Amino acid sequence: MLLEQLINGITLGSIYAIVALGFTLVFGVLGIINMAHGEIFMFGAFIGVIITSTLGLPLWIAFLAAIIVTGILGYMLERVALRPLRGKQGVSHLAPLISTIGASILLENLSHHLFGAGNHPFRNAFAEISFQIGSITIYLVQILIFVISVILMIVLSYWLLKTKAGKALRATAENIETASILGVNTKRIIILTVVIASAMGGIAGILVGMAFNSVNPQMGLSMGLKGLAIIILGGMGNVRGAMAGGLILGLSETLIVAYGDSGYRDAVAFITIIVILLLRPQGLFGQKTTAAGR
Amino acid sequence: MRKLFKKPFLSISILMLVLLSACSGKSSETTGEGTSSKEGDVINAKIGVISYITGPGAAYGEAITNGFKLAQKEINDKGEVNINLVIEDSAGKQEEALSAAQKLMSDDSIVALLGPTLSTEMNVVGPEAELNGIPIMGTSTTAEGIPQIGEYVFRNSLPEALAIPTSIKKAVEKNSVKKVAILYGNDDVFTKSGFDTMKKVAEDMGLEIVTIETFQKGQSDYNAQLTKIKGLEPDLILCSALYNEGAVIMDQARKMGVDVPFVGGNGFNSPQVIEIAGKAADGLIVATPWFGDKENPKVQAFNEKYEAEYKMKPDQFAAQAYDALYIMAEALKNAGEADRDKLKEALLEIKDLEGILGKFSFDKDGDVVMDPTVLIIKDGKFKVFE
């Protein structure tokens, strides 16, 4: 029972973590909270449903298609909702936040029209593979989700710290003007960041579809809000923080249901976050001075 | 030059966007022509519809308005009563339902209201209709106490308080159940009221309730609750959920190895459950006024017409809406003219009206009197539970 609940919690937490990674990447570089991230995630899930259930194509194509489509959505988001507001005089620092909220509403309504309001099942042979240990059933998908989230975190950390593109990205995060004077193509870096973050959202979408067998146009909103809470918990713009925060939220939500009252699930989870933030206002892995340090 | 061109272009496109969104925000659509006066023998009546057309529950509003439109076409073709529908969106929100209702009520030519979709919405719209003296009939409001709001408030949807005990009793008898677990959505009046009924019935029958778990609308992960339920080994799970959540719950439960039957309320009863959950839907027991596979020529005719028109199978929401408009038409015919008070009196006198749901009557409060059928899903199909 405990083991099963721990597996449930880690699965949920890993999904939260992948969603939060996308959030934290965009925040770290652009200093913008991308409210449309949850909806891009939802689109990824729908692409997965269409490719595997409707068209009957194999899973890897679904991943590829979701990455491409959400990547394109991310690019469009940057071009339409973020770039026109950047570097202009008199634009409030809240403007990009509002424009991403607009994009999220647009995407949610769009998916209503394209896919309908109801839940879509995610039927896939891969999602059915399971092991039986005693009375416990573990699905391969659950393990896959955890593994993918860890891999994404490691690759992202490595990429940011060790590669040239990652260094350029961090330089851009530090100061756009200086980075651009020093020869960094900041425009490209920003596009790259938003596209990568969105593609990660798309991957998370498919994983959620497989794990919970439920895809609907509303799933983006609650996931988006949880993702936001996690990056605040983990420290804004921090990769390890997003991972740890996701797991903490997922596990605490699950354990509250297991040993307490499921009615207080969200309440207790968020009270935990408040308490942690009271003790460490900068978040678990955040640095005190700069907001975007890593 | 380019800049000069760009600016007006931008402002025009923004203006267009604003206009577009203004159009789609409050959609109100009128179908049919004519006014609410008496021309010869035909009674002309305008009926307002408040439905959940946009938002998470838009699927219900869609089924309901489809049912209305299909019935409207048939009734108008018959030529005794000519009905115009004025359809307003409530988006599933109390305040929007209320403002839609106020807009419709202020139009004196509108003789009655149908809807709103949710019991939560009816709780605010009902008293307002009572105040204005306009008959209002819910076609999908099944929470307790709806017709008791006032004399002008009716419903033709089978209340949970009637449906749930029937299905639980049958399930308990057939499976010799002793322990039950309850799972319900705690953020919706409808599922909450279903839960209250379930708990009361379980207690009255002397069943042991091993646990009570909750979830919220639109949740996608129910594994934690289900794992807990699995550990307590109930013989039966009482689940007060709407089909969207319910189907996913069953799917996750079956995957986990929970294979006991489920008893659901009205909102769980939809062919969509089978579509979403597939094989996992087997073992769901519901009591329903609507059974699509009933061997009744009226029901089959409705199925065919509905599928031809909307390319999908009708669910109980479409069926209840369809019957509701027939009830209205019958009452209008008996009332002799499109008058709010006369219509109310005529509605109360409706007795044993044969519809696709069965024989229908109102009791003194304006609530439903009819016998539900208990169904179970077996091999991916709803069958009569014997």
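The values are calculated or read from the model by the stated rules, or taken from the named source; none is laboratory data. None of the values given here were measured: they were computed from a predicted structure. With ideal geometry, Cβ positions are generated from the backbone for all residues, glycine too; neighbour counts draw on all protein chains shown.
Taken across segment A:145-167, residues that are within 14 Å of chain B (Cβ to nearest Cβ), within 20 Å of the chain's Cα centre (by Cα), surrounded by 15 or more Cβ atoms within 10 Å (Cβ to Cβ) and of a type outside the set (Phe, Trp, Tyr) do occur, with at least one present.
Whether a residue is out of contact with any Ser or Thr (no Cβ under 6 Å at 6 or more places or on another chain), surrounded by 18 or more Cβ atoms within 10 Å (Cβ to Cβ) and modelled with pLDDT under 90 was assessed, and B:Ser220 does not pass this test. For A:Glu128, the conditions (1) within 12 Å of another protein chain (Cβ to nearest Cβ); (2) crowded, with 17+ Cβ neighbours inside 10 Å all hold with the exception of (2). Among the residues of segment B:363-385, those that are more than 12 Å from B:Gly283 (Cβ to Cβ) and of a type in the set (Asp, Glu) comprise B:Asp363, B:Asp365, B:Asp367, B:Asp371. The set of residues in segment B:261-289 that are over 27 Å from B:Thr117 (Cα atoms) and without any contact (Cβ under 8 Å) to a residue 60 or more places away in the chain contains only B:Ala280. Being touching a Phe, Trp or Tyr at 6+ places or on another chain (Cβ under 9 Å), buried (at least 24 other Cβ atoms within 10 Å of the Cβ) and in contact (Cβ under 8 Å) with a residue 60 or more places away in the chain is a property that B:Asn244 lacks. None of A:Pro121, A:Pro96 is farther than 21 Å from A:Asn216 by Cβ and not hydrophobic (A, V, I, L, M, F, W, C) except A:Pro96. Against the conditions (1) surrounded by fewer than 15 Cβ atoms within 10 Å (Cβ to Cβ); (2) modelled with pLDDT of 90 or more, A:Leu3 satisfies every one except (2). Scanning segment B:306-315 for residues that are over 16 Å from B:Phe382 (Cα atoms) and surrounded by 24 or more Cβ atoms within 10 Å (Cβ to Cβ) turns up nothing. Considering (1) surrounded by 24 or more Cβ atoms within 10 Å (Cβ to Cβ); (2) more than 19 Å from the chain's Cα centre (by Cα); (3) more than 13 Å from chain A (Cβ to nearest Cβ), the lone condition that B:Ala318 does not fulfil carries the number (2). Just one of A:Ala36, A:Ala62, A:Ala66, A:Ala20 is more than 29 Å from A:Met236 (Cβ to Cβ), away from chain B (no Cβ under 14 Å) and crowded, with 24+ Cβ neighbours inside 10 Å; which is it? The unique qualifying residue is A:Ala62.
Where strands (runs of 3 or more DSSP E) fall wholly inside segment B:204-293, the ranges with 2 or more residues that are of a type in the set (A, V, I, L, M) are B:208-215, B:236-240, B:284-288.
Taking the criterion of being part of a loop (DSSP other than H, G, I, E, B), under 16 Å from A:Phe126 (Cα atoms) and of a type in the set (Gly, Ala, Ser), the only residue of segment A:36-73 that qualifies is A:Gly56.
Residues of segment A:253-270 that are more than 10 Å from every other protein chain (Cβ to nearest Cβ) and in contact (Cβ under 8 Å) with a residue 40 or more places away in the chain: A:Phe270 alone.
Only strands (runs of 3 or more DSSP E) whose full extent lies in segment B:327-386 are considered here, and none of them has at least 2 residues that are assigned by TED's automatic domain parsing to the domain that holds B:Val42 and acidic (Asp, Glu). Looking across segment A:166-183, just one residue is farther than 18 Å from A:Ile32 by Cα and among the charged types (D, E, K, R), and that is A:Lys167.
Closer than 24 Å to A:Ala197 by Cα and not acidic (Asp, Glu): which single residue out of A:Ile138, A:Ile101, A:Ile133 fits that description? So the residue among A:Ile138, A:Ile101, A:Ile133 that is closer than 24 Å to A:Ala197 by Cα and not acidic (Asp, Glu) is A:Ile101.
Restricting attention to segment A:200-228, the residues being touching a strand residue (DSSP E or B) at 6+ places or on another chain (Cβ under 8 Å) and closer than 15 Å to A:Gly250 by Cβ number 2.
Look at segment B:294-305 and say how many of its residues are assigned to a helix (DSSP H, G or I) and surrounded by fewer than 23 Cβ atoms within 10 Å (Cβ to Cβ). Reasoning before the result, please.
Here is the first cut: in segment B:294-305, the ones assigned to a helix (DSSP H, G or I) are B:297-305.
From what's left, surrounded by fewer than 23 Cβ atoms within 10 Å (Cβ to Cβ): B:297-301, B:303-305.
Total meeting the criteria: 8.
Rundown of residues vs (1) acidic (Asp, Glu); (2) within 14 Å of chain B (Cβ to nearest Cβ); (3) crowded, with 20+ Cβ neighbours inside 10 Å; (4) in a loop (DSSP other than H, G, I, E, B), yes/no style:
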{"position": "A:Ser92", "(1), (2), (3), (4)": "no, no, no, yes"}
{"position": "A:Leu97", "(1), (2), (3), (4)": "no, no, no, no"}
{"position": "A:His112", "(1), (2), (3), (4)": "no, yes, no, no"}
{"position": "A:Ala117", "(1), (2), (3), (4)": "no, yes, yes, yes"}
{"position": "A:Ile143", "(1), (2), (3), (4)": "no, no, no, no"}
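Residue count for segment B:259-283 satisfying the condition of being more than 19 Å from the chain's Cα centre (by Cα) and more than 10 Å from chain A (Cβ to nearest Cβ): 8. A residue that is aromatic (Phe, Trp, Tyr) and farther than 30 Å from B:Ile249 by Cβ can be found somewhere in segment A:148-165.
Of the residues in segment A:207-245, how many are in a helix (DSSP H, G or I) and closer than 29 Å to B:Gly57 by Cα?
18
Here the condition is being touching a residue at least 40 places away in the same chain (Cβ under 8 Å) and β-branched (Val, Ile, Thr); of A:Thr178, A:Thr186, A:Thr172, it holds for A:Thr172 alone.
Evaluated against (1) over 13 Å from B:Leu158 (Cβ atoms); (2) at pLDDT 90 or above; (3) acidic (Asp, Glu); (4) in contact with a strand residue (DSSP E or B) (Cβ under 7 Å, 6 or more places away or on another chain), B:Asp323 falls short on exactly one condition, (1).
Looking only at segment B:51-71, residues that are among the hydrophobic types (A, V, I, L, M, F, W, C), surrounded by fewer than 24 Cβ atoms within 10 Å (Cβ to Cβ) and within 14 Å of chain A (Cβ to nearest Cβ) come to 3 in all.
Of all residues assigned to segment A:187-196, none qualifies as being in a helix (DSSP H, G or I) and over 20 Å from A:Pro96 (Cα atoms). Annotation note: of B:Asp251, B:Asp188, the sole residue that is closer than 30 Å to B:Pro135 by Cα and within 14 Å of chain A (Cβ to nearest Cβ) is B:Asp188.
Comparison of A:Ile248, A:Ile206 shows that the only residue that is within 14 Å of chain B (Cβ to nearest Cβ) and under 25 Å from B:Thr227 (Cα atoms) is A:Ile206.
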